[in-house]
Amino acid sequence: MDITQERTEEQDLPYNVFAKACPSRGTLEHVTGRWGGLTLGALYEGSLRFNELRRRIDGVSEKMLSQTLHALERDGLVHRDAQPTNPPRVDYELTPLGRGVAERLLSLIHFVEGQMDDVLEARRSYDETRGAL
């Protein structure tokens, strides 16, 4: 499919992320935000408990991870499974929709990781040209 076909099909969709009031914009923000993308990527490997997920996503605070998981669960991307045990056990896993989103995100993540030498060189050149440290 070429770019013209994709744009034609996009115009036929009932949602348009470029429109300010479109609800898809909020979901896109949840998915592509720093913690949302990393959370979906981490859960692609399988079900994780909250603290396992927090350790996997280095640098995320408990509060931010909790907010991120709530948003992704509300959007139907993550399933929260609370077990009535003592102490309570809560596992998080991707829904089928979340899995599809995560696959696409991971493709982008892997592409960016593979291009980091070029990115770092571009940064170095940019900083050198502009006198930054």
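Of note:
- Test result for R25, in a helix (DSSP H, G or I), over 20 Å from V112 (Cα atoms) and open to solvent by 50 Å² or more (accessible area, probe 1.4 Å): yes
- Residue identified as surrounded by 18 or more Cβ atoms within 10 Å (Cβ to Cβ) and touching a helix residue (DSSP H, G or I) at 6+ places or on another chain (Cβ under 7 Å) among L72, L38: L72
- The set of residues in the stretch 97-111 being over 14 Å from T39 (Cβ atoms), open to solvent by 70 Å² or more (accessible area, probe 1.4 Å) and out of contact with any Gly (no Cβ under 7 Å at 6 or more places or on another chain) consists of E103, R104, S107, L108, H110, F111.
- Counted residues, the stretch 28-70 - those being of a type outside the set (F, W, Y), touching a residue at least 60 places away in the same chain (Cβ under 8 Å) and under 25 Å from Q83 (Cβ atoms): 2
- The residue pairs whose first member lies in the stretch 2-27 and is modelled with pLDDT of 55 or more, whose second member is part of a loop (DSSP other than H, G, I, E, B) and open to solvent by 70 Å² or more (accessible area, probe 1.4 Å), and whose beta carbons are closer than 6 Å, counting only pairs six or more residues apart or on different chains, are C22/Y15; C22/N16; S24/Y15.
The values are calculated or read from the model by the stated rules, or taken from the named source; none is laboratory data. Values in this document were obtained by computation on a predicted structure and should not be read as measured data. Virtual Cβ from ideal backbone geometry, glycine too; neighbours counted across all protein chains shown. Heads up: the accessible areas ignore ligands, DNA and RNA and are worked out on the full protein's heavy atoms, side chains in. Shrake-Rupley method; radii C 1.70, N 1.55, O 1.52, S 1.80 Å.
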